[in-house]
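Reading through the structure tokens given below for one structure.
Bear in mind that the values in this text are calculations on the coordinates, not laboratory data. Since we're looking at a predicted model, the values are computed, not measured. Neighbour counts run over all protein chains shown; Cβ positions are idealised from the backbone, glycine included.
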Amino acid sequence: MDKPKIELKLPVIPEMELIATHTAEVIGKHMGLSDDQAAEIGMALIEACINAFEHSLSTNNVFIHFIIDDESLIIKVIDQGIGFDKSKVEIPKIENKLAGERKRGWGLQLIKELVDSVEFESTQEGTTVTMIKKKNL
Amino acid sequence: MSSFNVETKEVNNIVVITTDGYLNNFGGEQIAAVCTQKMSEGKNKFLLNMGNTKVVNSIGVSILIEIIEKLQQVDGKLGYCNLAPIVDKTFKIMGISKYSSIFENEEAGINTL
């Protein structure tokens, strides 16, 4: 039997990422996740969505798939943007950010810290971020 | 679009900024504008009461890093109180808690800053 799946299609409009977090909250409750786990998923989703929006054209959409598994929630954030080279993304450090011009660039690090696993597949046609959050059994 | 509001008061020479709403780039810029204005008036201690800010993003928090940098130049201090657990965790992951202070509540922040 196919796993339950929820799909969202978000236009590239500021704050649409909040729709994704609200959806994650409902799914988290359905799955019996703790409030902290749900909040961590929501924060990771916000970061994945704002990265996707930044890489996309205003006419693109961002697609989010929530796949409910027995022991985990799998979330895919799919954009149609220009892609990025993960090897060129530096691990941010607060000391460098305070001293440097560019204060931003925390999204991928936050995602890595907030979910149990994350994978990035990026080409010139778009990027898919796959995040997995395990249930506390 | 969600709204973000700030209310400002001064207690014991500390500027207390109470936030309400999603701290993204727009929210961060509102906080920065208040801090810049108050710093021009000679204030250098700021406490953000974020009890009504349950959601943040890294762009909004990056603007707080700009504020910390400016406060370092005037021997100032920035603190936060009433943080939601996920906001507290985000601040710790980003490391800003090393250069600013997290307090349980407003009273503790005012007494310590």
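Observations, loosely collected:
- When region B:4-112 is reduced to its Cα atoms, the Kirkwood hydrodynamic radius in Å: 13.4
- Theoretical FRET efficiency, 1/(1+(r/R0)^6), r = Cβ-Cβ of A:Ile6 and B:Ala108, R0 45 Å, to 0.05: 0.65
- Longest segment of chain B lacking GluC sites (Glu not before Pro) that sit in a DSSP loop with at most 16 other Cβ atoms within 10 Å: B:42-103
- Beta bridges from DSSP with both residues in chain B: antiparallel share about 35 percent, rounded to the nearest 5.
- Projected over all directions and averaged, the alpha-carbon convex hull of region A:5-134 occupies 8.1 nm².
- Other protein chain Cβ atoms within 10 Å, averaged over every residue that makes up B:50-61: 4
- Proximal lysines to B:Lys9, defined as alpha-carbon separation beneath 30 angstrom and excluding residues fewer than eight positions away on the same chain: A:Lys97, A:Lys103, B:Lys38, B:Lys43, B:Lys45, B:Lys54, B:Lys70, B:Lys77, B:Lys89, B:Lys92, B:Lys98
- For a modelled paramagnetic label at A:Ile132, 7 Å from Cα along Cα-to-Cβ, the residues of region A:45-85 in reach, with backbone nitrogen under 17 Å, are A:65-77.
- Here the protein assembly as shown carries DSSP beta bridges of which approximately 70% are antiparallel, counting only pairs with both residues inside.
- Helix A:35-55 vs. chain A, principal-axis angle (Cα, 0 to 90°, nearest 10): 50
- Binned Cα-Cα distances of the protein assembly as shown, short to long, each 10 Å bin given as a whole percent: 7, 30, 33, 20, 8, 1, 0
- Packing rank of B:93-99, B:43-49, A:28-34, where each peptide gets the mean count of other beta carbons within 10 Å, highest leading: B:43-49, B:93-99, A:28-34
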